[in-house]
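Chemist: Supplied in structure tokens, the structure appears directly below.
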Amino acid sequence: MEMLYHQTNKQIQEVQSQMGRLETTDRQSVHLLENELQARIDQIFNQLERLEILASKEPPNRRQNAKLRVDQLKYDVQHLQTALRNFQHRRYAREAQDREREELLSRSFTTNDADTSIPIDETLQFNSSLQNAHRGMDDLLGSGSSILNGLRDQRSTLKGTHKKMLDVANMLGLSNTVMRLIEKRATQDKFIMMAGMLATCFVMFLVVKYLS
């Protein structure tokens with residue numbers, strides 16, 4: 001199990017390093033890098049399934065620690081998956097806006113009356129400003145979605161970790177005071193997470209309201 005664990009951890013670090021290349025890769029080949037990263041993330045998820053099976057077969061005195069280590073790897077790769085999807089969402093939005101702009105510029109504007117001529121420069125300027133506003137809103141919505149997904153993943157991981165900590169505590173015979181402190185900290189983390197989610201939703205609502 002140790003060999004597979006270290007191999008998976010190394011692969012996660014390599015994917016994290018390659019994620020930084022997404023912003024600098026040219027448009028013609030960025031989708032190839034995205035496919036490569038997605039394939040590596042899928043491979044890591046498959047290895048994590050094997051690690052979960054191996055962790056469940058560890059001796060009782062090592063089993064809880066092994067499961068916690070696997071959960072941490074799963075948490076890391078989930079964040080990588082979320083970051084990749086958000087980048088793809090922003091790229092799709094930018095490409096759609098570029099296509100719309102090219103279509104607008106390629107149109108032929110004809111008029112029969114000078115008094116009713118279309119102020120093309122003003123129209124293009126307004127369209128450009130509108131696209132910038134939409135792009136900013138898409139980026140903010142993408143960031144908000146990433147934060148919410150991360151919070152959901154963190155909540156799931158924290159719940160699993162909390163349960164396992166309580167199991168370990170019971171095995172070690174810790175005092176009731178320590179157990180109450182652990183439960184109190186878990187409750188505080190839950191409220192912090194809910195407050196963050198509400199704040200994010202409120203900001204997203206304001207952006208949609210005032211930029212629409």
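Chemist: Which pairs have Cβ atoms under 9 Å, sit 6 or more apart or on different chains, and link a residue in the range 58-76 that is on the phi > 0 side of the Ramachandran plot to one that is acidic (D, E) and in a helix (DSSP H, G or I)?
Modeler: none
Chemist: Now, a different point. Would you check which residues across the range 1-49 are of a type in the set (D, E), in a helix (DSSP H, G or I) and exposed (fewer than 15 other Cβ atoms within 10 Å of the Cβ) and list them?
Modeler: Matches in the range 1-49: E2, E14, E36, D42, E49.
Chemist: On the basis of being at pLDDT below 90, surrounded by 15 or more Cβ atoms within 10 Å (Cβ to Cβ) and over 16 Å from H6 (Cβ atoms), does Q64 make the cut?
Modeler: Yes, satisfied.
Chemist: A further question on this structure: Determine whether L73 is surrounded by 14 or more Cβ atoms within 10 Å (Cβ to Cβ), of a type outside the set (F, W, Y) and not in a helix (DSSP H, G or I).
Modeler: Taking the combined requirement at face value, the residue does not satisfy it.
The values are calculated or read from the model by the stated rules, or taken from the named source; none is laboratory data. Note that this is a predicted model, so its numbers are computed, not measured. With ideal geometry, Cβ positions are generated from the backbone for all residues, glycine too; neighbour counts draw on all protein chains shown.
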